[in-house]
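Participant: Have a look at the structure that comes next, please.
The values are calculated or read from the model by the stated rules, or taken from the named source; none is laboratory data. Computed from a predicted structure; not experimentally measured. Reconstructed Cβ throughout: ideal geometry from the backbone, glycine too, with neighbour counts over all protein chains shown. The area values use the complete protein model at the heavy-atom level, side chains included, leaving out ligands, DNA and RNA. Shrake-Rupley method; radii C 1.70, N 1.55, O 1.52, S 1.80 Å.
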Amino acid sequence: MCPRLTIAIPTINRAALLPLAIESALAQTSQEIEIIVSDNGSTDETPEVIARYADRGLRTFRHPSTINAARHGQFLIEQARGEFFLCLSDDDFLEPEFAADVLTLFDWHPELSFVYTGCAVHYEDCQVPAVVGPSLESGAAFLAAYYSGKREVSWCACVTRQRDLLELQPQPDDCIIGDMFFWTKIAFRGPIGCVPRILSHYILLRPVNDNMSHGTPPLAWARELRSLADDVIRTSEQAGASDNYLARLRADCRRHTARSTANQFIWTRLRGASPLQAWRWSADCFSYVSGSLTALSRVIAALILPRALLRSLLLNSAARMAAARGTNNN
């Protein structure tokens, strides 16, 4: 019997973290899943870790040399046998009911373009619940809410149809924000579903900050965000969106790009970029952040504060968000 949901786990040199992702996939209460693990040319003990699960029904692949993230993601999509697809990073994990609850929502509403769930975003020991929407909303409403800061979507909490991913053109090799590349396009194919319970965990910041996206220079990040936003605006125009909707969407896209670009200054500093590098980037990125005082203040903090203080302020901010959103911190 073909599985309904493929849980695909790409990994590289995360031998110590990978077991949690795999175990969380194996612990799913639904029997309608398959699990793929693809080793992208690891040089640590990752092959030995994967071998421990040889009798657990995983489908495993190993690339002899590392390919770029976009091509690795496309490889996983092409290997999937399920109607639905989830990409689970090798340091993220799921709650046992994730697959069952998502598939149930698709059963209730087969017209959905994709389903996302509540997600705990981890800043070291602090867990911040993502902002989610109703169980069912139009793609236009979802995109407007996302760009205005009222929806937060993590790829490890987002289930799409494999068919839709295959029908879209593959990500460009230099694509940075692969999840947005896909779901900003799929959102136009039908309504969006949400399971509001926290069923997925996204590790945004660990004591060793090796999140791949955190090393991306802010200018490259800003350009890709703007390109994705421009695509959303253009497709909304073609779909006949009202002038008022488009005006709000354009303004919200500018603010979203400004905030996210400013955050990228902080992440790159925490990843190891020097203040001098950040100062050089700031001139290139000024046009992207200049329209937001919040964004400008974050860039200034990244330029002048020591890395340890910057990290402390970030963790304090996460703790305040967690308290405001009503979560317990461990």
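Participant: Of all the residues that make up segment 283-330, how many are among the hydroxyl-bearing types (S, T, Y) and touching a residue at least 40 places away in the same chain (Cβ under 8 Å)?
Facilitator: So the answer is 2.
Participant: Only one residue in S24, S42, S65 is among the hydroxyl-bearing types (S, T, Y), more than 19 Å from the chain's Cα centre (by Cα) and open to solvent by less than 50 Å² (accessible area, probe 1.4 Å), so which one is that?
Facilitator: S42
Participant: Continuing with this model, one more query. Enumerate the pairs (first residue in segment 130-145 and assigned to a helix (DSSP H, G or I); second residue anywhere and among the basic types (K, R)) with beta-carbon separation below 6 Å, excluding pairs fewer than 6 apart on the same chain, so at least 6 apart or on different chains.
Facilitator: Short answer, once both residue conditions are applied: A145/R151.
Participant: Determine the pairs where a residue that is among the charged types (D, E, K, R), located within segment 237-261, has a partner that is outside any helix (DSSP H, G or I) with Cβ atoms under 7 Å apart, the partner being 6 or more residues away or on another chain.
Facilitator: So the pair list comes out as D252/S148; R254/G291; R255/S292; R259/S292.
Participant: With respect to the numbered conditions (1) within 16 Å of W281 (Cα to Cα); (2) open to solvent by 30 Å² or more (accessible area, probe 1.4 Å); (3) touching a residue at least 60 places away in the same chain (Cβ under 8 Å), which one is the sole condition not fulfilled by P218?
Facilitator: (2)
Participant: While we're on this one: Return the total of residues in segment 169-198 being in contact with a Pro (Cβ under 7 Å, 6 or more places away or on another chain) and not aliphatic (A, V, I, L, M).
Facilitator: Counting residues in segment 169-198 that are in contact with a Pro (Cβ under 7 Å, 6 or more places away or on another chain) and not aliphatic (A, V, I, L, M) gives 1.
Participant: Something else: May I ask you to verify whether I50 is buried (at least 18 other Cβ atoms within 10 Å of the Cβ), in contact with a Pro (Cβ under 7 Å, 6 or more places away or on another chain) and over 20 Å from I176 (Cβ atoms)?
Facilitator: No: the conditions fail for I50.
Participant: Quick check, is G82 closer than 17 Å to R161 by Cα, touching a residue at least 12 places away in the same chain (Cβ under 8 Å) and open to solvent by less than 40 Å² (accessible area, probe 1.4 Å)?
Facilitator: When the stated conditions are applied, G82 passes them.
Participant: Scan segment 189-207 for residues that are touching a strand residue (DSSP E or B) at 6+ places or on another chain (Cβ under 7 Å) and either small (G, A, S) or not in a strand (DSSP E or B) (or both) and jot them down.
Facilitator: P191, G193, S200
Participant: In segment 141-160, how many residues are surrounded by 20 or more Cβ atoms within 10 Å (Cβ to Cβ) and either among the aliphatic types (A, V, I, L, M) or more than 15 Å from the chain's Cα centre (by Cα) (or both)?
Facilitator: 6
Participant: Please verify whether segment 175-185 includes one or more residues that are in contact with a Ser or Thr (Cβ under 9 Å, 6 or more places away or on another chain), free of Cβ contacts under 8 Å to residues at least 60 places away in the same chain and more than 27 Å from T294 (Cα to Cα).
Facilitator: Yes, that holds for at least one residue.
Participant: Pull up segment 221-259, narrow it to residues that are among the small types (G, A, S) and under 18 Å from F142 (Cβ atoms), then point me to the one that is surrounded by the fewest Cβ atoms within 10 Å (Cβ to Cβ).
Facilitator: G240
Participant: Tell me which of these Q264 doesn't satisfy, since it passes every other one: (1) closer than 30 Å to A120 by Cα; (2) open to solvent by 50 Å² or more (accessible area, probe 1.4 Å); (3) not basic (K, R).
Facilitator: Failed condition: (2).
Participant: Against the conditions (1) assigned to a helix (DSSP H, G or I); (2) over 18 Å from K150 (Cα atoms), where does C253 fall short? Just the number, please.
Facilitator: In the conditions (1) assigned to a helix (DSSP H, G or I); (2) over 18 Å from K150 (Cα atoms), C253 misses (2) alone.
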